[in-house]
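Novice: There's a structure below that I have some questions on.
The values are calculated or read from the model by the stated rules, or taken from the named source; none is laboratory data. For clarity, every value in this text was computed on a predicted model and none was experimentally measured. Backbone-built Cβ (ideal geometry, glycine too); neighbour counts: all protein chains shown. Just so you know, the surface numbers come from the protein's heavy atoms only, side chains and all, with ligands and any DNA or RNA stripped out. Shrake-Rupley method; radii C 1.70, N 1.55, O 1.52, S 1.80 Å.
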Amino acid sequence: MRFHTCSDHLYSLVGEPSAVHNVDAYSSQSQPYSSLLPHQVQVAFKISYEHSRRFIGYLHDGSTTSLGGGPLSRQQRSCILDLCGFLKESNTSYATLADKLLSFGIQRQKVHKLIDCIFFHGQRILGSQKDSNVGRRRSSSVIPIHVEITRVQTFSVNYERYLMHRALRESMVEFERRNYGMVPASESSLKNMLKRVRVAAADVDVEEEKSERKRRRVEISSSSSENCSICLEEMEAGSYGTSMPCSHMFHGGCIVKWLKQSHYCPVCRYEMPTTN
């Protein structure tokens, strides 16, 4: 079974640890954060990575059905950066974070965007903490920041088969819009090349045939009766039909309607002139 990647999204959340994470676990020092120099403070990152996969099946009409999800994968990494280097977005801080994120299997292009997001939100958190701790004592020179990354991948089954059916449907619609590839005969050929013909009776008189030709300028079919190949109904003796240059005869209304759709004779494929 072949799978096609429909979407691959990354979601990130950068924030302070929850109440269950005690900052005292990072250090036993007891100094006000605002009284420490930047090089005396460290930023401890805990990066949580969660990878989920879900599968959908494509039906012929393009609708989808859920096929469930794969096993959830969870990983964690941690690293400690100097506050000064982090605030200046130094190459060392950048490389350390990139190494941790790449170890999750995240694409390098997306890693760069994630690091920019971590720098931006991490510096905002540090700035707010410094302002809120002026005049207060902080029991740690290590500032914890948590980064939560969620990757959601969607895979499809039978996607190629759906594309094939969609292409066929679109081709049929276009084929129908173009009159199934048929080219009509020109209006001038309908007027000049079709002849009105009377189906001869079995006992028709020769003199009567001649007078009929002169009077109505019509030809007399040599056959006493024929079937119209379009409607398949019998052309009764004495009735009138329409003959093409190939001598095949049809009901007048049948052949005119036919030639306005296709310029071919329905019996022998004789080609009538077209406007093109």
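Novice: Given the residues E219, E207, which is the only one that is closer than 19 Å to G253 by Cβ, open to solvent by 40 Å² or more (accessible area, probe 1.4 Å) and at pLDDT below 85?
Specialist: Checking each option against the conditions leaves just E219.
Novice: Please work out which one of (1) assigned to a helix (DSSP H, G or I); (2) within 30 Å of R2 (Cα to Cα); (3) open to solvent by less than 70 Å² (accessible area, probe 1.4 Å) is the condition G127 fails and give its number.
Specialist: (2)
Novice: Looking at segment 136-157 only, could you name the residues that are open to solvent by less than 80 Å² (accessible area, probe 1.4 Å) and modelled with pLDDT under 80?
Specialist: R138, S139, S140
Novice: N91 fails exactly one of the following numbered conditions: (1) closer than 24 Å to E148 by Cβ; (2) at pLDDT 85 or above; (3) open to solvent by 60 Å² or more (accessible area, probe 1.4 Å). What is the number of that condition?
Specialist: Just one mismatch for N91, condition (1).
Novice: Out of segment 1-15, which residues are surrounded by 12 or more Cβ atoms within 10 Å (Cβ to Cβ) and among the polar types (S, T, N, Q)?
Specialist: S12
Novice: Can you tell me which residue in segment 28-73 is nearest to L102 (Cα to Cα), limited to those that are at pLDDT 75 or above and exposed (fewer than 12 other Cβ atoms within 10 Å of the Cβ)?
Specialist: Residue satisfying both the conditions and the ranking: L72.
Novice: Further question: Within segment 253-276, which residues are closer than 15 Å to N192 by Cβ and out of contact with any His (no Cβ under 8 Å at 6 or more places or on another chain)?
Specialist: Within segment 253-276, I255, V256, L259, H263, T275 meet the criteria.
Novice: Right, here's the next one. Please tell me if R108 is open to solvent by 30 Å² or more (accessible area, probe 1.4 Å) and more than 14 Å from I149 (Cα to Cα).
Specialist: Yes, satisfied.
Novice: So Q76 ticks every box in (1) modelled with pLDDT of 85 or more; (2) polar (S, T, N, Q); (3) open to solvent by less than 80 Å² (accessible area, probe 1.4 Å); (4) out of contact with any Asp or Glu (no Cβ under 8 Å at 6 or more places or on another chain) but one. Which box is left unticked?
Specialist: The one condition Q76 does not meet is (3).
Novice: Continuing with the same structure: Considering (1) modelled with pLDDT of 85 or more; (2) out of contact with any helix residue (DSSP H, G or I) (no Cβ under 6 Å at 6 or more places or on another chain); (3) in a helix (DSSP H, G or I), say which one L97 fails and leave the rest.
Specialist: Only one criterion in (1) modelled with pLDDT of 85 or more; (2) out of contact with any helix residue (DSSP H, G or I) (no Cβ under 6 Å at 6 or more places or on another chain); (3) in a helix (DSSP H, G or I) is unmet by L97, namely (2).
Novice: Checking F86 against (1) hydrophobic (A, V, I, L, M, F, W, C); (2) surrounded by fewer than 16 Cβ atoms within 10 Å (Cβ to Cβ); (3) modelled with pLDDT under 90, which single condition isn't satisfied?
Specialist: It is condition (2) that F86 fails.
Novice: Mind listing whichever residues of segment 249-263 are surrounded by fewer than 18 Cβ atoms within 10 Å (Cβ to Cβ) and without any contact (Cβ under 8 Å) to a residue 60 or more places away in the chain?
Specialist: Residues satisfying the conditions are G252, G253, K257.
Novice: Might you let me know whether segment 105-122 holds any residue that is touching a His at 6+ places or on another chain (Cβ under 9 Å) and at pLDDT 80 or above?
Specialist: Yes, segment 105-122 contains a residue that is touching a His at 6+ places or on another chain (Cβ under 9 Å) and at pLDDT 80 or above.
Novice: Among what's in segment 232-245 and is hydrophobic (A, V, I, L, M, F, W, C) and surrounded by 14 or more Cβ atoms within 10 Å (Cβ to Cβ), pick the residue that is farthest from R269 (Cα to Cα).
Specialist: A237
Novice: When you look at P273, is it touching a Cys at 6+ places or on another chain (Cβ under 9 Å), surrounded by fewer than 16 Cβ atoms within 10 Å (Cβ to Cβ) and modelled with pLDDT of 90 or more, yes or no?
Specialist: When the stated conditions are applied, P273 does not pass them.
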